[in-house]
Structure formats: C-alpha cells, structure tokens
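Here the structure comes first, spelled out in structure tokens, and everything after it is commentary.
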Amino acid sequence: MSGKPPADGKTAERRPLRLLMVEDDPNDEALVLRHLRQNGYDVTHLRVDTGPAMRTALGQPWDLVLSDFSMPTFSATAALAVLKEVEIDIPFIIVSGTISEENAVDSMRAGAQDFLPKDKLARLVPAIERELREAAIRGERRKMQERLFVSDRMVSMGTLAAGVAHEINNPLAALVANLDLVALSLAALSKPNVVGPAAATARPAVPEALESRLREIEEPLSDAREAADRVRQIVRDVRVFSRVEGSERRAVDVRRILDSSVRIAWNEIRNRARVTKSYGEVPAVLGNESRLGQVFLNLIVNAAQAIAEGNPAGNEIEITTARAGDGRVVVDVRDTGSGIPAALRGKIFDAFFTTKPEGVGTGLGLSICHRLITEMGGAISVDSEEGKGSRFRVTLQAAGLEAPIHTPPLVPMGAARRGRILVVDDEAILGAVVRRMLGTQHEVSTLTSAREAAERIGGGERYDVIFTDLVMPDMTGMDLHADLARRAPDQAERMVFMSGGAFSARSRDFLSQVPNPRISKPFDAGTLAALVHNLIR
Ligand code: ADP
C-alpha cells in the first residue's frame, strides 16, 4: 500500500474506484494513479488509447473515465463519441496539458463533465467526488422512472382485467342461471310430487331406466355448477383487485377480502408455505373493498416472497383477525420467512425501497399500503426478527351501526302473487334466463332496447318489476329511469338495476342518487326469486 493515512491521522476505509483511463502516456497514467491512491482511493484501472480498445473495455463496469485531450491516434472528443454510441452514463473528466478555451468548451458540449489541467491535480478529487455523486443521483432517477413505468403498466393491466371480468360476466350469468334451471327441472322430473291431496293428479312415476339416466346426469351437472361458481369467484376477485379508481368507504368484512387475497396470491404461495387462517369474530370495518384488497394482497405476496421456494410444509403464512380492546379490528399477516434486518426496518415503508431484484419488486407496495390505510383512518406496523419471520399488523376502525353490511335479500317466506315483470338488457341471453327463472311464477316480458321499453310504458303498459341493465347502447338504463321519472314515476320506482360491477363514474354517481334496488350479475335463481318476491309483496 502506497497511500498515506488521511491528514487527521485516522485510517479511513479506502474507497473503491473502477477507473478507465484514456491516455497514451504511461508516465501520466502513473502520476494520476499515485495521486488518487494517496487520496484514499482503492483504484482498479485500465488504460486504453484507441477507439476499439475503449469499446472493448466498456464491456466491463466503470465508475469514471479520465481522458487525455489529444493523443496520436485518439482524442477526448472521439472517446466521448464512443461513450455516446454505447449509451452508457459514466462521468467523463478530461485531464490534459494545455488546451485552448475553445477546445475545452467544445469537449464540455460533447458531454465531458469537467476539464482539469494536469498541473492542477489538487482539483481532481473534489471533481471526482462531485461527479460520482451526480452519477448516482442520475442512476437513482433512472431506476425510479423505470419503476414508475412498471407501476403505470400495472394500472393499465388492472383496467384491462376489470374490462375482461366485466365481459365474462354476462355469459357467466347466463351459464350459472341456466345450469340452476336445468338442475331444478331435473330434480322435479326425478322426484315427482306424489304425496298429499294432489297425489291423484300427479305425474306417473318415472320409469326405472329413465330415473337411473337422470341420476347419471346429476353428478356432471353439479360438477359444472361448481366449476361455474369457481369462475364466478375468480371474476369477483379480479374485480375487487382491478378497480383502480373509487375510494368510497362502506362496511366490509375483512375476512372475505383476506380470502380473496389468498386466492389471488395462491400462485406465489403454493410452493413456499401453507396458509393458516385464524379468523376471530370481528365486526365490519369502514373501508374501501378494493383498496383493502390491494393492501392485504401486498402483505400476503410479501410474506410469500420472504420465504424460499421448495418447502411449503415447513413454512407458514398465518392470517389472523381479532378485535382489539378498543373495539378496532386487527388483521395480522405473519410469515416464517427471512425477516427484516433491524437496519432496514425503518425504510421498508419508503417509496421505491426494495431489496428484490428488478422485475420482482418495485418498492412501492408498502408505501402504498401505508398511504391507503392511513387514509382509511387505520394504522400499519411491522414486527420482525431476522431469520425468523415478520408480522405485519393492520388496525382498522370498526364500521359501527351507521353502515350495516350489505346482505343479499332473504329467501322468501310464503307465496307472492303472480306479477308482471319486464327485463331490459341488450344481451338477449340475460332476458331469456330471467324468463326461465321466473316464468313459472310470473309473467315475464323481455326487451333488448330501453327505447322500446320507454315507448311501451309511455303507451300505458305497467309492470310490477322492471329489471334493466345500466349501460346499453342507444338508450341506457339511467336514461330510461330519467324518462320514466318524468312520464310514469310509479314505474321508475319499480326499476331494479342489474350491473356487472365495473362502474363508470357516471353509473356510480347515478346509483348513489337513486334508491332503487340493484342486483349484480351473475345472480342465482334464489337471489332473483327472493328479490322479486319482496318487491311484489
Ligand atoms: P417490494 O415488495 O416491491 O420490494 P414493498 O414496499 O412491498 O416493495 O416492500 C419493501 C421491502 O420490504 C421489500 O423489498 C422487502 O425487503 C421488505 N419486506 C416487505 N415485506 C416483507 C416480509 N414479509 N418479510 C421480509 N421482508 C419484507
């Protein structure tokens, strides 16, 4: 080691510096190296004095280029051109003998950060320090831009997913409802009602052979219904997580959202850990479903990513819900993963802080969780032990009585009278399915155009219940409501809005202003029948 200790006598750490020198004179090379080493740098260097040699050298990483101004077969300007060509951002400082002011200005214009005369080497170290700092800032900014780009792309993916989920919803509604109907007809066929006073007029018993064929159909049919239910669950989950806008708060059950989050994250979890749910009885919290979903999903994915793949039986992600002493709701996501070193614990909620490789982490997750939870009036904290695991805790306000949980209508008791029902949906299959579901008990008409519905009602037709889609080409369900509110207010009150869940700002506004019932697609026969029953009664 040739370096002398710093002036204050303490032995400081030597700073590593990977230096590419563009220089033809070995004496000058030695001079600069000696100066840097004396000033505490641990220099790894390479000297080049031609374009091709420089291009090859740039295959390796460098912190800094120091370049002579002119050499017999190369120059600082040519070296700057090479740097530009390979598109690498490395600070470039010219160290040269005499150089005219004009040349100095030209080379700065070409991209050199600084120019130093050889006989004023004292200025070199401060210049290097400054340039390294600035290069680090530029690098950090580039990284941030890349990550913002990634998160931007995630938002677009979310919008796309919401759109796809919405598109799947209508055919799915028809699928679920038709399967229900087939199952009901099948049950009626194989178990004819032959008891009670009606026995004399009941259908004759089903022949044995037919009955066994009917039973054979039952199982695949119930499998199909179960599969359709799974698709319905997936569509619902996607909708919860892809809603990018909207912040309205209502009473939500955190356990349902946690279940959705685990399902969505399952691919990340399956090879790493088993999931234990310890759900204590908790009241509903006042929050936004999709935002809470985003928070829990992020905590669960982080928990999974903290656990190495390959030993799912030996690792655990435990999700707990409990009621705190003060009535608030506490959700814990605990993992048996890597834990967080004490020195990093204060940084993990910072935007862009990540320890994950590019493409896996953006460092935005926890900072967004923190913001969303604080905005909801809650809190988020972490407890972690390196090598053992972490526990993230979210504390939320209970919703209280002013916001009851939205529950589906009760199954009807007692019979309702036969009603007149109109279904307006541009998807004809939806009208058809509602007719099949309700047609035996009620008189059901279907239309695919709201305009035609307006004409009929304007012409004097009256209905007990008018099911209408919200968004349709030509005239929307909202326009139909406005029209009826003017011309036949009793009929506007009879409207029930069917929605696929992906609301535009306009639909959301509209729904928050009208008291009419709404039903989300896909619906099952029971919910629909119960709703009609209650409305007609
Ligand atoms: P990202 O997951 O994109 O890195 P986050 O903001 O969600 O961004 O997390 C920031 C960092 O916090 C992670 O890179 C990781 O180092 C640390 N971290 C978060 N959750 C856990 C956990 N459950 N176990 C260990 N480290 C974690």
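The values are calculated or read from the model by the stated rules, or taken from the named source; none is laboratory data. Since we're looking at a predicted model, the values are computed, not measured. Cβ placement follows ideal geometry from the backbone for every residue including glycine, while neighbour counts extend to all protein chains displayed. Protein only, heavy atoms only, side chains kept; ligands, DNA and RNA dropped before computing areas. Shrake-Rupley method; radii C 1.70, N 1.55, O 1.52, S 1.80 Å.
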What distance in nm separates the two pseudo spin-label positions at Asp42 and Arg456, each 7 Å out from Cα along the beta-carbon direction? 8.4
Grab the other residues whose beta carbon is less than 11 angstrom from that of Thr44, score K and R as +1, D and E as -1, and report the net. -1
Hand me the GluC sites (Glu not before Pro) from the range 209-277 located in a DSSP loop with no more than 11 other Cβ atoms within 10 Å, in residue order please. Glu248
At a 1.4 Å probe radius, carbon and sulfur cover how many percent of the accessible area of the range 420-536? 48
Counting Lys and Arg as +1 and Asp and Glu as -1, what is the net charge of the other residues whose Cβ lies under 15 Å from the Cβ of Ala343? -1
Just add up the charged neighbours of Leu531: K/R +1, D/E -1, any other residue whose Cβ is under 14 Å from the Cβ of Leu531. +2
Compute the helix-to-body angle for 525-536: its Cα long axis versus the longest principal axis of the chain, expressed 0 to 90° and rounded to tens. 60
Length gained, Met157-Arg250, 0.36 nm per residue minus C-alpha separation, equals 30.9 nm
Radius of gyration and Dmax for the range 212-331's Cα atoms, expressed in Å? 17.6, 60
Among 423-429, 494-500, how do they line up from the highest to the lowest mean number of other beta-carbon atoms within 10 Å? 494-500, 423-429
Share, in percent, of DSSP beta bridges within the range 229-340 that are antiparallel, nearest 5: 60
Based on DSSP, what percent of beta bridges with both residues in the chain are antiparallel, to the nearest 5? 40
In Å, the Kirkwood hydrodynamic radius from C-alpha pairs for the range 420-536 sits at 14.0
Note to self: with every protein chain in place and a 1.4 Å probe, the chain gives an accessible area per residue in Å² of 53
Contour minus end-to-end for Arg14 and Ala188, with contour as 0.36 nm per residue of separation and end-to-end as the Cα-Cα distance? 54.0 nm
Among 378-385, 521-528, what's the highest-first ranking by average C-beta atoms within 10 angstrom per residue? 521-528, 378-385
Once you have all Cα-Cα distances for the chain, histogram them in 20 Å bins from zero and send the whole-percent values. 16, 32, 27, 16, 8, 1
